[in-house]
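Here's a structure for you.
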Amino acid sequence: MKVDTILVIDDDDQLRKSFCKLLKEENYSVISAASGEAGLEIVKQNTLDLVIIDMRLPGISGMETFKRIKEIDSKLPAIIVTAYGTTQIAIEATKMGAYDYVLKPFDVPEMLNLIRQAIEAGYFMRAPVEMDISAETHSGDAIIGQSKAMQEIYKAIGRVSQSDATVLIRGESGTGKELVARAIYQHGVRADKPFLIINCVAIPETLLESELFGYEKGAFTGASQKHIGKIEQANGGTIFLDEIGDMPLSIQAKILRLLQEKCIERLGGGETIPVDVRIVAATHKNLENAIKEEKFREDLYFRLKVVTINLPPLRERREDIPSLISYYMTRFSRELKIDNPGIKTEAIDRLSNYDWPGNIRELSNLLQKVLIFNRGAPILATDFDQVIQQRENQTLAEKIELNEIRQWVHELLSDKSKNHTFDDFMDTVSGIVISEALMICNGNRSQAAKLLNISRPTLHAKIDKHKIKLKTQISSNDLAT
Ligand SMILES: Nc1ncnc2c1ncn2[C@@H]1O[C@H](COP(=O)(O)OP(=O)(O)OP(=O)(O)O)[C@@H](O)[C@H]1O
Ligand SMILES: [Mg+2]
């Protein structure tokens, strides 16, 4: 695995040394400099993944150092470290594209977390995503596939890259939405400007709003300093709103305003701030259903969907499976530092016939696992039997959208006006299970009992308890059974 290299620029000898030691313990490769001038030399001569700059430096200032680093390498992510008195400068630096800033003395776990995020953001900006290359020659990320469906995707990426249009990328989980977003950015006219990713499902609602829009000092308890949000930070560049189908309605309204009026307001601030960002959004959700359920704004949907890229599930382009296998075998062998052991034709056939509910992510995870497990022995069809069998037999609970259930439970539990007990939830779930089973069996209770592996009387008792009403399409004959 690649080791990330961090440059630390700080004139405080003791602090710099202990900070570098800490980073080394976290398995980073670390270079340090005691002045901006020395730091710039290092940036010129090394390949770096992150630079951490103290604002107060002897000689040229931290801000000046940051500006010059941007000129040398506009995509090298920077974290600004600042003492309380110099936060204004740090805020300016974030507006100019610094990843973030932290106040001294900083909280170590928080700092390490930020470092990981900043390095990842830099990676997304810099690691090229190539399209449709031969597996042998490539070292970075690539979108593999020569199927007709994928050719259409490449054409679409090419077309949208040349415009500033908002793009909506749709597709099941693991089909490559994020990869496509990065390709659009890298091939586009804003490729030398920032690219920031916000995952709407991974961040809690209140935090998501301040992450995106930033806030003024005193906007809420704990807002002791002004904070520049990711949208403002991506000014001139691109922001990727991942899992936009999960974005809370209140934030959707603000994104709509951003699309229509090209401006935002920080939380707790009345000032309207003009911003120029290109939005690329992605979701695996059915937005049309979400609109019906009033979870997604129709007006936002219409704005987003003008340019849509639909990524096909892997099972609809099985002809790409062999080249994906070959690509990942080469790539993982290299990363694991082993000779590519090769894979038997029967094994490729076995994988080509599987349905891949988790799409390419599932395929690559599985190949990696088998490669490690086989320790250099050629890969056979039987190597996959057990895993694929297991997946095909996955329980219902593993396949359903856990996020939606979580959200439902979360909403009900958060409603303080109601007292929901554990049993209430279980009852609701068992009610759903029974009515679905009855639907599948067209209302035939004997069959439904068999399907659920419970006795008929137990099923009857549950139907009574839950007062399950059967849909009208079920004939009264069926009900009699
Ligand atoms: N066409 C492809 N060729 C090679 N690798 C791919 C391809 N599509 C996806 N991948 C790889 O599969 C994994 C999942 O892709 P990605 O994260 O882009 O999917 P996603 O659609 O965003 O999924 P999710 O909805 O779960 O976030 C990544 O490791 C990505 O590099
Ligand atoms: Mg994704």
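The values are calculated or read from the model by the stated rules, or taken from the named source; none is laboratory data. Please read these numbers as outputs of a predicted model, since none were measured by experiment. Don't worry about glycine lacking a Cβ; one is built from the backbone with ideal geometry, like all the others, and counts go over all protein chains shown.
Could you look through the stretch 52-80, keep only residues that are hydrophobic (A, V, I, L, M, F, W, C) and under 27 Å from the mean Cα position of the chain (by Cα), and pick out the one that is nearest to Ser32 (Cα to Cα)? Spell out the reasoning first.
Filtering the stretch 52-80 down to residues hydrophobic (A, V, I, L, M, F, W, C) leaves 52-53, 55, 57, 60, 63, 66, 69, 72, 76, 78-80.
If we keep only those that are under 27 Å from the mean Cα position of the chain (by Cα) as well, we get 52, 76, 78-80.
Values: Ile52: 9, Leu76: 16, Ala78: 14, Ile79: 14, Ile80: 15 Å.
Taking the candidates together, the pick is Ile52.
Hydrophobic (A, V, I, L, M, F, W, C), more than 14 Å from ligand 2 (Cβ to nearest atom) and buried (at least 16 other Cβ atoms within 10 Å of the Cβ), is that true of Val180?
On the way: hydrophobic (A, V, I, L, M, F, W, C): yes; more than 14 Å from ligand 2 (Cβ to nearest atom): no; buried (at least 16 other Cβ atoms within 10 Å of the Cβ): yes.
So Val180 does not fit the description; no.
Listed here are the residues, each with its yes/no results for (1) within 14 Å of ligand 2 (Cβ to nearest atom); (2) free of Cβ contacts under 8 Å to residues at least 60 places away in the same chain; (3) closer than 24 Å to Glu319 by Cβ; (4) in contact with a helix residue (DSSP H, G or I) (Cβ under 7 Å, 6 or more places away or on another chain).
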{"site": "Ser147", "(1), (2), (3), (4)": "no, no, yes, yes"}
{"site": "Val160", "(1), (2), (3), (4)": "no, no, no, yes"}
{"site": "Gly176", "(1), (2), (3), (4)": "yes, no, yes, yes"}
{"site": "His187", "(1), (2), (3), (4)": "no, yes, no, yes"}
{"site": "Asp192", "(1), (2), (3), (4)": "no, no, no, no"}
{"site": "Phe195", "(1), (2), (3), (4)": "no, no, no, yes"}
{"site": "Cys200", "(1), (2), (3), (4)": "yes, yes, no, yes"}
{"site": "Glu209", "(1), (2), (3), (4)": "no, yes, no, yes"}
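At least 3 residues that are more than 16 Å from ligand 1 (Cβ to nearest atom) in each: list the strands (runs of 3 or more DSSP E) lying fully within the stretch 207-324 that qualify.
263-265, 272-274
Have a look at Gly245, Gly236, Gly268 and point out the one that is touching a strand residue (DSSP E or B) at 6+ places or on another chain (Cβ under 8 Å) and on the phi > 0 side of the Ramachandran plot.
Values: Gly245 fails: on the phi > 0 side of the Ramachandran plot; Gly236 fails: touching a strand residue (DSSP E or B) at 6+ places or on another chain (Cβ under 8 Å).
On inspection, the qualifying residue turns out to be Gly268.
From (1) in contact with an Asp or Glu (Cβ under 6 Å, 6 or more places away or on another chain); (2) at pLDDT below 95; (3) within 16 Å of ligand 2 (Cβ to nearest atom), pick out the condition that doesn't hold for Ala282.
The number of the failed condition is (2).
Among the residues of the stretch 362-370, are any out of contact with any His (no Cβ under 7 Å at 6 or more places or on another chain), under 30 Å from Ser161 (Cα atoms) and part of a loop (DSSP other than H, G, I, E, B)?
Checking the stretch 362-370: not a single residue is out of contact with any His (no Cβ under 7 Å at 6 or more places or on another chain), under 30 Å from Ser161 (Cα atoms) and part of a loop (DSSP other than H, G, I, E, B).
Do you know which of the residues in the stretch 188-206 that are surrounded by 18 or more Cβ atoms within 10 Å (Cβ to Cβ) and farther than 16 Å from Gln233 by Cα is farthest from ligand 1 (Cβ to nearest atom)? Working first, answer last.
The initial filter retains those residues of the stretch 188-206 that are surrounded by 18 or more Cβ atoms within 10 Å (Cβ to Cβ), namely 188, 190, 193-198, 200.
Applying the additional criterion that residues be farther than 16 Å from Gln233 by Cα yields 188, 200.
Working: Gly188: 17, Cys200: 11 Å.
Filtering the stretch 188-206 for residues that are surrounded by 18 or more Cβ atoms within 10 Å (Cβ to Cβ) and farther than 16 Å from Gln233 by Cα, the one farthest from ligand 1 (Cβ to nearest atom) comes out as Gly188.
Would you point out the residue of the stretch 325-353, among those that are outside any helix (DSSP H, G or I) and among the aliphatic types (A, V, I, L, M), that is farthest from Gln389 (Cα to Cα)?
Ile338
When Leu324 is evaluated against the numbered criteria (1) surrounded by 15 or more Cβ atoms within 10 Å (Cβ to Cβ); (2) farther than 24 Å from Lys148 by Cβ, which criterion, by number, is the only one it fails?
Just one mismatch for Leu324, condition (2).
Further question: With under 26 Å from the mean Cα position of the chain (by Cα) and modelled with pLDDT of 90 or more as the only criterion, which of Met111, Met96 stands out? Spell out how you get there, then give the answer.
Numbers: Met96 fails: modelled with pLDDT of 90 or more.
Met111 is the lone residue from the list that is under 26 Å from the mean Cα position of the chain (by Cα) and modelled with pLDDT of 90 or more.
Suppose the filter is surrounded by 15 or more Cβ atoms within 10 Å (Cβ to Cβ), within 25 Å of Leu179 (Cα to Cα), of a type in the set (Ser, Thr, Tyr) and within 16 Å of ligand 2 (Cβ to nearest atom); does Thr330 pass it?
Values: surrounded by 15 or more Cβ atoms within 10 Å (Cβ to Cβ): yes; within 25 Å of Leu179 (Cα to Cα): yes; of a type in the set (Ser, Thr, Tyr): yes; within 16 Å of ligand 2 (Cβ to nearest atom): no.
Answer is no for this residue.
Please go through the stretch 44-68 and pick out each residue that is in contact with a Leu (Cβ under 7 Å, 6 or more places away or on another chain) and surrounded by fewer than 23 Cβ atoms within 10 Å (Cβ to Cβ).
Leu48, Arg68, listed by residue number.
Given the criterion at pLDDT below 85, surrounded by fewer than 20 Cβ atoms within 10 Å (Cβ to Cβ) and within 16 Å of ligand 2 (Cβ to nearest atom), identify the matching residue among Ala135, Ala127. Even if it seems obvious, please write down each step before you answer.
Details: Ala135 fails: within 16 Å of ligand 2 (Cβ to nearest atom).
After applying the criteria, what remains is Ala127.
Name, by its number, the condition in (1) part of a helix (DSSP H, G or I); (2) touching a residue at least 40 places away in the same chain (Cβ under 8 Å) that does not hold for Trp356.
For Trp356, the exception is condition (1).
Tell me, please, whether a residue that is within 23 Å of Arg257 (Cα to Cα), outside any loop (DSSP other than H, G, I, E, B) and at pLDDT 90 or above can be found in the stretch 145-167.
yes
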